[in-house]
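Contents: one structure, followed by commentary.
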């Protein structure tokens, strides 16, 4: 299956990385000498993505500078303005710009995911939405995903509270997305997110949300410890990351 477009979500405030993110938005923080966003772009292009949209909100001027200095002509910034509509609301507002099928990628992770294999996992057309998951520790600060033996999602909880297991599968922030899903929702300019709103609503409507179980590496750079780990990994695996 051929996917031509991807959206990189790069609108977060990066509060866990302050004071570093007071001047630099998280996706533009350098990992082993390169902005994190550069790794995402290189990987997506390597797997045949022809058009990349970057959703921005915080410090958009720095993203404009990044794009102006880039040699990639396939980059399009979508600035949300003074109010964010969330990870899903902005897609609904700008739906006319997108193909029927696309990738959604959170811009604050360093990953070696094979996007070709990820997309092919959903080529049977039996699911309405696809989520990459990875086996993780400390689920209390991640999005916990529960699924059945066939790989269909039963529930997703962002930063679960209470009695959380030490190990389990977490949301990698990489989605296979069919635009027709948005036709069932009307956002009315309210903030709307995939994890808090769209995915639970799809499950309530008995839509099939399927997981892709990653065996590739994913590092969240949202904490100082994660950033140190990402720099070490990028240094040791620079060829693989591009």
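The values are calculated or read from the model by the stated rules, or taken from the named source; none is laboratory data. What you see is a predicted model; the values in this text were computed from it and never measured. Cβ atoms come from the backbone with ideal geometry, glycine included; neighbour counts cover every protein chain shown.
Taking segment 26-61 as the range and being touching a strand residue (DSSP E or B) at 6+ places or on another chain (Cβ under 9 Å), at pLDDT 85 or above and under 18 Å from residue 80 (Cβ atoms) as the test, the residues that pass are 27, 28, 37, 52, 53, 54, 55, 56. All conditions but one from (1) buried (at least 21 other Cβ atoms within 10 Å of the Cβ); (2) in contact with a strand residue (DSSP E or B) (Cβ under 6 Å, 6 or more places away or on another chain) apply to residue 85; the one that does not is (2).
Taken over segment 91-116, the criterion of being free of Cβ contacts under 8 Å to residues at least 60 places away in the same chain and in a helix (DSSP H, G or I) is satisfied by 96, 97. Within segment 1-53, track down each residue that is surrounded by fewer than 17 Cβ atoms within 10 Å (Cβ to Cβ), within 22 Å of residue 89 (Cα to Cα) and touching a helix residue (DSSP H, G or I) at 6+ places or on another chain (Cβ under 6 Å). Listed by number, the list is empty, since nothing qualifies.
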